[in-house]
Structures are given as structure tokens and as C-alpha cells.
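Shown next, in C-alpha cells, is the structure this report addresses.
The values are calculated or read from the model by the stated rules, or taken from the named source; none is laboratory data. Everything numeric in this text was worked out from a predicted model, so none of it was measured. Cβ placement follows ideal geometry from the backbone for every residue including glycine, while neighbour counts extend to all protein chains displayed. Side chains are part of the model used for accessible areas, which takes the heavy atoms of the whole protein and leaves out ligands, DNA and RNA. Shrake-Rupley method; radii C 1.70, N 1.55, O 1.52, S 1.80 Å.
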Amino acid sequence: ARAEFQDYLKYYGKTDLASNAQFYIGEIAYRQKNYQQAIAEYDKVLNNYPRAIKVPPALLHRGMALVELGQKSSGIRDLREVVRRFPGSEEDRYARAKLKELGVAISASR
């Protein structure tokens, strides 16, 4: 599947669905527990398609991948960013649950 998504990006990288293909490349890496690769792929979604529908799940999953790699503070920062930028979304609910599981506040203290 990864090769198919990569081909899609190669030939149709400027289309509306390119961000979806990029996101799913990240998802494949994440599901295979290749968190470093997943983060790199999610970064491409966030940087190359900043207005795409896949931005909220890419940010959420990047945060979760960072936590899995032991980069807890960076992961928490991403999860809090999901809560801040996408209130009421499904990703917001997942981010809140993960933050609670980690035993940290939903928002950073100032």
C-alpha cells in the first residue's frame, strides 16, 4: 500500500487528495511501530498541506509517536496543540484522553 501512496504523490502530488496519501504513508509507518519514520511523514503533511483535512490527525499521531519514542515533552506539546487548534473534534477527544493517561494537564501552565 505504501508504494501505491508514494506513486500517487509522485504523479498527483498537487491534487486535493495528495495530503491523504501522505498521511496514510505516515499511518503505515505508525502501525508498524516505525515511529521515527511516521513522524517524518506526518511532518510532510503538516508542512506541505497546512490547510488539509488530515492536519488534525497528523498532529495527533505525531504527538503520540513522539510519546512512544520517549520524547514525552514534545509529544505533550503536540497533543496540547491539537486541543487548542481543533476543539470539539474527534482528535481533540483523543488528545485529551492521551494527556489524561499521561497524567498531565490539558493546557500548559503559564
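Restricting the first member to segment 33-53 and to residues that are within 22 Å of Gly70 (Cα to Cα) and open to solvent by less than 20 Å² (accessible area, probe 1.4 Å), and the second to residues that are in a helix (DSSP H, G or I) and charged (D, E, K, R), the beta-carbon pairs closer than 6 Å and six or more apart or on different chains are Ile39/Arg62; Tyr42/Arg62. Any residue that is of a type outside the set (Lys, Arg), open to solvent by 50 Å² or more (accessible area, probe 1.4 Å) and in contact with a Phe, Trp or Tyr (Cβ under 7 Å, 6 or more places away or on another chain) - is there at least one of those in segment 89-108? Among the residues of segment 89-108, not one is of a type outside the set (Lys, Arg), open to solvent by 50 Å² or more (accessible area, probe 1.4 Å) and in contact with a Phe, Trp or Tyr (Cβ under 7 Å, 6 or more places away or on another chain), which makes the answer no. The set of residues from segment 58-70 being open to solvent by 50 Å² or more (accessible area, probe 1.4 Å) and not charged (D, E, K, R) comprises Leu69, Gly70.
Look through segment 1-22, keep the residues that are in a loop (DSSP other than H, G, I, E, B) and of a type in the set (D, E, K, R), and return whichever of them is surrounded by the most Cβ atoms within 10 Å (Cβ to Cβ).
Checking each candidate, the answer is Asp16.
For Ala97, the requirement of being among the small types (Gly, Ala, Ser) and in a loop (DSSP other than H, G, I, E, B) is not met. Taking segment 71-80 as the range and being surrounded by fewer than 16 Cβ atoms within 10 Å (Cβ to Cβ) and of a type outside the set (Gly, Ala, Ser) as the test, the residues that pass are Lys72, Arg77.
Sub-6 Å Cβ pairs linking a first residue in segment 1-21 that is of a type in the set (S, T, N, Q) to a second residue that is part of a helix (DSSP H, G or I) and open to solvent by less than 70 Å² (accessible area, probe 1.4 Å), at least 6 apart or interchain, are Ser19/Val45, ordered by first then second residue. Residues in segment 67-85: is at least one within 16 Å of Ile39 (Cα to Cα), free of Cβ contacts under 8 Å to residues at least 12 places away in the same chain, out of contact with any Leu (no Cβ under 7 Å at 6 or more places or on another chain) and not small (Gly, Ala, Ser)? Taking every residue of segment 67-85 in turn, at least one turns out to be within 16 Å of Ile39 (Cα to Cα), free of Cβ contacts under 8 Å to residues at least 12 places away in the same chain, out of contact with any Leu (no Cβ under 7 Å at 6 or more places or on another chain) and not small (Gly, Ala, Ser).
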